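All remarks here apply to the structure that follows.
The values are calculated or read from the model by the stated rules, or taken from the named source; none is laboratory data. Treat the numbers as computed from the prediction; the structure is a model and nothing was measured. For neighbour counting, all protein chains shown are included, and Cβ atoms are generated from backbone atoms with ideal geometry for every residue, glycine included. Ligands, DNA and RNA are excluded from the accessible area calculation, which covers all protein heavy atoms including side chains. Shrake-Rupley method; radii C 1.70, N 1.55, O 1.52, S 1.80 Å.
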Amino acid sequence: MQRCFDLARLGEAHVAPNPMVGAVLVAEGQIIGEGWHKAYGQAHAEVNAVSSVPQKYRHLLPKSTLYVSLEPCCIFGRTPPCTDLIKQHNIPKVVVSCLDLTPEVSGHGVQLLRAAGVEVTTGILETAGRQLAAIRNTFVRAHRPYIVLKYARTRHNIFAKDKTEQTWLTGPYFRRLTHRWRTETQAIIVGSTTVIAANPRLTDRYFSGPQPLRIVIDRNQKTQISAHIFQDGAPTLLVTSTQDNRVFPPAVTCIKLNSEQPTLPILMTYLYDHKISHLTVEGGAYTITQFLDAKLWDEARVAISPRFLSEGILAPIIPVSPTRTFSLNKDQLEVYYAPWNR
């Protein structure tokens, strides 16, 4: 099952809003095939695993066990149901880590296989499996993206010197890691204060991979059209007010809200409708706190810097204890999970 997880992560930047899934076929004590879901709309992990079996081992399929990190699908989407594939090749045993919470699947895939005489075991390394499937399962269950909060603070909980300028707290290792994370998310969001103070590009310049959609919340028209994020030609979503008459380049899409319309619920609906299943909140402190207060978060990645600031803006407070801690040269990374995703 751990091998299934490792394979699944190979599709991390390419499968959304589908889940990352890995599959391994075992017969007579050896792996005869393995695969993963490589890209949205393409073959699922189970299909790739079966296809990878060499001709000399294909006679072992009716004697094999299929290990898969997520419940096999039982619905027609862009590809046929994987439950049909399993039955077609007479695979007698299937071992699953966790269920797919897509309403049309959620346990039905397992039921269909058992009804066809397939021996199905579930719950193997289930906690790790649920974490791997959390992006997809949050998207289909909560009708919003899986939300990651990402920021840095000092050991004395200072976020930045003030609102007028960017404050670098972390070293180059964490900055490069941030750019890798950008290739793994579908969208990044910041508030107007961050755009004004740092004029960020929010692109993954230090790591190769797909560029995320950039989102700016600017309901009071504080940002300048000349900002990098509006002028570099990459897709950007601006959440602003109905009174905003500024003319932006074609790559900028605007959501215009009146004073009575709440920002985050409408934005979550927009992202769900546009199949954005993974969102990273990069700042600033006020924007991150808005998501925390609304309980719109699933994971937090907080860098703890050794740099000392005697005063400044206080960092947001994550209301749970960190689950994992890593050393990144002089910085420390703490990873938190919301109670509903543990």
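Odds and ends about this structure:
- Looking across region 160-178, the residues that are in contact with a Leu (Cβ under 9 Å, 6 or more places away or on another chain) and within 17 Å of Val335 (Cα to Cα) come down to Thr170, Tyr173, Phe174, Leu177.
- From the options Leu112, Leu61, residue that is open to solvent by 50 Å² or more (accessible area, probe 1.4 Å), of a type outside the set (Gly, Ala, Ser), part of a helix (DSSP H, G or I) and farther than 30 Å from Pro210 by Cα: Leu112
- Which listed residue, of Leu267, Leu238, Leu257, is closer than 14 Å to Gly191 by Cβ, open to solvent by less than 10 Å² (accessible area, probe 1.4 Å) and without any contact (Cβ under 8 Å) to a residue 40 or more places away in the chain: Leu238
- Members of region 89-109 found to be open to solvent by 30 Å² or more (accessible area, probe 1.4 Å), under 20 Å from Trp36 (Cβ atoms) and part of a helix (DSSP H, G or I), listed by number: none
- When Val94, Val140 are checked against the criterion of being in contact (Cβ under 8 Å) with a residue 24 or more places away in the chain and more than 25 Å from the chain's Cα centre (by Cα), a single residue qualifies: Val94.
- Qualifying residue in region 140-151 (condition: under 30 Å from Gln88 (Cα atoms) and surrounded by 14 or more Cβ atoms within 10 Å (Cβ to Cβ)): yes
- Among the residues of region 40-51, just one is open to solvent by 50 Å² or more (accessible area, probe 1.4 Å) and either free of Cβ contacts under 8 Å to residues at least 24 places away in the same chain or in contact with a Cys (Cβ under 6 Å, 6 or more places away or on another chain) (or both), namely Ser51.
- Selection of region 183-208 for residues being small (Gly, Ala, Ser) and in contact with a helix residue (DSSP H, G or I) (Cβ under 8 Å, 6 or more places away or on another chain) yields Ala187, Gly191, Ser208.
- Remark: pairs (first residue in region 192-221, closer than 19 Å to Gly233 by Cβ; second residue among the charged types (D, E, K, R) and surrounded by fewer than 20 Cβ atoms within 10 Å (Cβ to Cβ); Cβ separation under 7 Å; 6+ apart in sequence or on different chains) = Arg201/Asp232.
- Test: Ser277 is in contact with a Leu (Cβ under 9 Å, 6 or more places away or on another chain), under 30 Å from Arg141 (Cα atoms) and of a type in the set (Ser, Thr, Tyr): yes
- Candidate set from region 320-341 (those that are closer than 13 Å to Lys295 by Cα and at pLDDT 95 or above); member that is surrounded by the fewest Cβ atoms within 10 Å (Cβ to Cβ): Val320
- Of the residues in region 4-22, at least one is outside any loop (DSSP other than H, G, I, E, B), among the acidic types (Asp, Glu) and open to solvent by 60 Å² or more (accessible area, probe 1.4 Å).
- Any hit, region 253-261, residues being in contact with a Leu (Cβ under 6 Å, 6 or more places away or on another chain) and either farther than 19 Å from Arg155 by Cα or among the hydrophobic types (A, V, I, L, M, F, W, C) (or both): yes
- Top-ranked residue of region 199-235 - restricted to ones that are more than 25 Å from the chain's Cα centre (by Cα) and among the aliphatic types (A, V, I, L, M), ranked as surrounded by the fewest Cβ atoms within 10 Å (Cβ to Cβ): Ile225
- For Ile124, the conditions (1) open to solvent by 30 Å² or more (accessible area, probe 1.4 Å); (2) farther than 23 Å from Cys4 by Cβ; (3) at pLDDT 90 or above; (4) of a type in the set (Val, Ile, Thr) are fulfilled apart from (2).
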